[in-house]
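A.B. asks: Mind looking over this structure? Questions follow.
The numbers here are math on the coordinates, done by the rules we state, and not lab data. Fair warning: this is a prediction, and the values are worked out from it, not measured in the lab. Here the Cβ positions follow ideal geometry from the backbone for every residue, glycine too, while neighbour counts run over all protein chains shown.
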Amino acid sequence: MAVDRLSLEIPDRSITVLVGPSGCGKTTTLRMINRMVEPSEGTILLDGVDIQKQPVNTLRRSMGYVIQNAGLFQHRTIIDNIATVPRMLGWGKEKARERARELMERVGLDASLAKRYPYQLSGGQQQRVGVARALAADPPVLLMDEPFSAVDPVVRKGLQDELLRIQEELGKTIVFVTHDIDEAIKLGTMVAVMRTGGKLAQFAPPDELLSAPADAFVEDFLGTDRGIRRLSFFASAGLELKTAPVVAVDATAEQIAAVSTPDVPYLLVTDPEGKPLGWSEPDDLTPGDVVTERLLPYGRPFEHGEESLRAALDGAVLSPTGWAVAVDGTGRVVGVVSQQTIGEAIRSAHAEGHRAGHQTGHHTGRRTDEKVAG
């Protein structure tokens, strides 16, 4: 039995991710929503209406569908691939192509690719075409079956970011299948963890999933570093930054002395525009003649207020000084923060979340609502 008595309500205008090991029924569940697989029993409601009461072709044309390796028509140009569903719905050729051009821009495809064929595009570009094609008729529901699993990690991250950007603009109801828990946590508004046999193990927002797994199966599936992952949901905006240890590469001896403090054994050297170059002990800095090759690496800077405590901690761990560099949106340094301060912020965030949970009576558990893609 591929899916066993699954009861799930998918919220509107959000991304619901189905995740689990191979053979747990996540793709079967997705395909039941557009009737590529017919359920042997039970009811699937779309906006309160039984999907069995709609003609199957009408139902499928009302939903976008994106699969692994894009599934493009190799004999059609990119613009005509994207225009496929609008043409099937009776749109004129020029209207459909104009819609395709709009969507190429929306998913980050250069207009010069319009007359090329799928084999002339990279894997990442083909997946963007697949997303554009699925959005072409402006469907309220978008089904995505492991769409990014066949591309390399760098391209995959770019596609994930692009999907989140598009979703913020369009607000579709998206059901997304993946076997990658990190992808599920990054993309999902809600995450449904399924176990072998098609049973729902837990249905919860990513933060709740990481903080309170329903059972040993979910905990094991999440992996041993779920605490680190959870830091992605804690903002860095409240971190107390120090600006004193920051000095420009062309600073004078007096300026270097003025920013040297006993509580920070290093100084962060920036270029004339305020962007980080590296760390140095104060005594090793020669005013007017800083040798940048001798500076200690500054790790990975994080954008203060925009990125999470996970990014801040990563920056501190990557720096040999144990201090993370905070920058603004232009890459200019706005301050530095120690591992100790980040640790205190993490403990405060945990405590605040614990208090909020008690006040609201919120708990983790299984959802028993009957509806799919509602």
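A.B. asks: For region 22-82, what number results from the quotient of the Cα radius of gyration and 2.2 N^0.38 Å?
C.D. replies: Compared with the compact-globule rule of thumb, region 22-82 sits at 1.35.
A.B. asks: Starting at the first residue of region 162-172, write each ³J(HN,Hα) from the Karplus equation 6.51 cos²θ - 1.76 cosθ + 1.60 with θ = phi - 60°, in whole Hz, x for Gly and Pro.
C.D. replies: 5, 4, 5, 5, 5, 5, 4, 7, 9, x, 7
A.B. asks: Please report how far the C-alpha centroid of region 1-50 lies from that of region 173-222, rounded to the nearest whole angstrom.
C.D. replies: Cα centres, region 1-50 to region 173-222: 15 Å.
A.B. asks: A follow-up question, please. Determine, from the Cβ-Cβ distance of Met88 and Arg5 and an R0 of 25 Å, the FRET efficiency 1/(1 + (r/R0)^6), rounded to the nearest 0.05.
C.D. replies: 0.10
A.B. asks: Using θ = phi - 60° and the Karplus form 6.51 cos²θ - 1.76 cosθ + 1.60, what ³J(HN,Hα) does each residue of region 201-213 get, whole Hz, x for Gly and Pro?
C.D. replies: Calculated HN-Hα couplings, in order: 8, 6, 9, 7, x, x, 4, 5, 4, 6, 7, 9, x Hz.
A.B. asks: Below 8 Å, C-alpha to C-alpha, sequence gap of six or more: please give me the relative contact order for the chain in percent.
C.D. replies: Computed value for the chain: 21 percent relative contact order.
A.B. asks: Right, something else. Using only alpha carbon positions, build the gyration tensor of region 50-182, then give the equivalent ellipsoid semi-axes as the square roots of 5 times its eigenvalues, largest first, whole angstrom.
C.D. replies: Rounded to whole Å, the semi-axes are 21, 20, 13.
A.B. asks: Now for a separate question. Give me the number: length gained by fully extending Thr261 to Asp12, i.e. 0.36 nm times residue separation minus the C-alpha to C-alpha distance, one decimal in nm.
C.D. replies: 84.3 nm
A.B. asks: Return the calculated 222 nm mean residue ellipticity for the chain, to the nearest 500 deg cm²/dmol, obtained by summing -39500 (n - 2.57) across DSSP H runs with n ≥ 4 and dividing by the residue count.
C.D. replies: Result for the chain: -10000 deg cm²/dmol, rounded to the nearest 500.
A.B. asks: Let me ask another. Excluding the sites themselves, what is the longest stretch of the chain that contains no trypsin sites (Lys or Arg not before Pro) in a DSSP loop with at most 12 other C-beta atoms within 10 Å?
C.D. replies: 116-374
A.B. asks: How large is ³J(HN,Hα) for each residue in region 334-349, as worked out from phi by the Karplus curve 6.51 cos²θ - 1.76 cosθ + 1.60 (θ = phi - 60°), to whole Hz, x for Gly and Pro?
C.D. replies: Once θ is set to phi - 60°, the couplings for region 334-349 become 10, x, 10, 8, 8, 4, 4, 5, 4, x, 5, 5, 5, 4, 5, 5 Hz.
A.B. asks: Please list, ordered by chain and number, the residues whose modelled amide H lies under 5 Å from the amide H of Val334; skip anything fewer than 5 residues away on the same chain.
C.D. replies: Excluding prolines and chain starts, which carry no amide H, the hits are Ala326, Val327, Asp328.
A.B. asks: List the residues of region 108-150 whose backbone N lies under 15 Å from a point placed 7 Å from the Cα of Thr196 along the Cα-to-Cβ direction.
C.D. replies: In region 108-150, the label zone of Thr196 (backbone N under 15 Å from the point 7 Å along Cα→Cβ) covers no residue.
A.B. asks: Between rounded, prolate and oblate, where does region 140-245 land on the alpha carbon gyration tensor, with a ≥ b ≥ c its root eigenvalues, rounded for a/c under 1.5, else prolate if a/b exceeds b/c?
C.D. replies: oblate
A.B. asks: With volume of the Cα convex hull per residue in Å³ as the read-out, I listed (1) 284; (2) 180; (3) 162; which label goes with the value calculated from this structure?
C.D. replies: Recomputing volume of the Cα convex hull per residue in Å³ here gives the entry labelled (3).
A.B. asks: May I pose another question? Can you work out the FRET efficiency for the pair Thr292 and Glu219, with r the C-beta to C-beta distance and R0 = 45 Å, to the nearest 0.05?
C.D. replies: It comes to 0.45.
A.B. asks: Find me the longest stretch of the chain that has none of the exposed GluC sites (Glu not before Pro), where exposed means in a DSSP loop (not H, G, I, E or B) with at most 12 other Cβ atoms within 10 Å.
C.D. replies: 42-239
A.B. asks: Relative to the longest principal axis of the C-alpha atoms of the chain, give the angle of the C-alpha long axis of helix 93-106, reported between 0 and 90° and rounded to the nearest 10°.
C.D. replies: Roughly 30 degrees between the two axes.
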